[in-house]
Amino acid sequence: MPKSSWKSLLIAILIPEAVGALAGFISGPFTRAQYTQLIQPPLAPPPLLFPIVWGILYLLMGVASWLVWRKHTPESRRALVLYAVQLVVNFLWPIAFFNLQWRLFAFFWLLLLIILVWFTKQAFGRISPAAGWLMLPYLLWCCFAAYLNLGIYLLNN
């Protein structure tokens, strides 16, 4: 792979990783203080698992976006705009859930994210089947996060 391809791949990976890191930095103090005090629904993983899973998911998202970006077509540009929108929605969820403690709002925000991720996955898959598949774990994790979010809301209100 040419050096410029490695550079663009690295940038594509760093974008979602940076979004996640920034969201974690902003909501981090609230996250640690609150999560352990909340009544958890069944299947809730330990807090340590979340940054590991999100780090992997952001890596997969970055690779998927790079595969789409390399096509340089109008369709790939539209798909990347959708990808950017879902990244913004992703970024705002922990702020709503942890910082603002808007648990029910955060659940519906996650439903919006799931819809956006689904459309992004579909758009990516039309351009690069591999990119579409790389978005699947993220979609599934968002569905699991919605279950956890709703469970926490119901058990703690």
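The values are calculated or read from the model by the stated rules, or taken from the named source; none is laboratory data. Worth saying up front: this structure is predicted, and the values here are computed from it rather than measured. Note: ideal-geometry Cβ built from the backbone for every residue, glycine included; neighbour counts use all protein chains shown.
Among the numbered criteria (1) assigned to a loop (DSSP other than H, G, I, E, B); (2) surrounded by 11 or more Cβ atoms within 10 Å (Cβ to Cβ), which single criterion is violated by Q37?
Of everything listed in (1) assigned to a loop (DSSP other than H, G, I, E, B); (2) surrounded by 11 or more Cβ atoms within 10 Å (Cβ to Cβ), Q37 misses just condition (2).
Could you look through segment 1-27, keep only residues that are farther than 21 Å from Y138 by Cα and in a helix (DSSP H, G or I), and pick out the one that is modelled with the lowest pLDDT?
K3
Has segment 82-100 got at least one residue that is farther than 18 Å from L116 by Cα, without any contact (Cβ under 8 Å) to a residue 12 or more places away in the chain and either touching a strand residue (DSSP E or B) at 6+ places or on another chain (Cβ under 8 Å) or part of a helix (DSSP H, G or I) (or both)?
Among the residues of segment 82-100, not one is farther than 18 Å from L116 by Cα, without any contact (Cβ under 8 Å) to a residue 12 or more places away in the chain and either touching a strand residue (DSSP E or B) at 6+ places or on another chain (Cβ under 8 Å) or part of a helix (DSSP H, G or I) (or both), which makes the answer no.
List every residue pair whose Cβ atoms sit under 8 Å apart, with the two residues 6 or more apart in sequence or on different chains, where the first one lies in segment 123-136 and is touching a residue at least 12 places away in the same chain (Cβ under 8 Å) and the second, anywhere, is buried (at least 21 other Cβ atoms within 10 Å of the Cβ) and not in a helix (DSSP H, G or I).
F124/M135
Would you confirm, using the coordinates I've provided, whether L80 is under 18 Å from A145 (Cα atoms), of a type in the set (A, V, I, L, M, F, W, C) and modelled with pLDDT of 95 or more?
no
When you go through (1) crowded, with 20+ Cβ neighbours inside 10 Å; (2) modelled with pLDDT under 95 one by one for A106, which number turns out not to apply?
Going through (1) crowded, with 20+ Cβ neighbours inside 10 Å; (2) modelled with pLDDT under 95 one by one, A106 breaks only (2).
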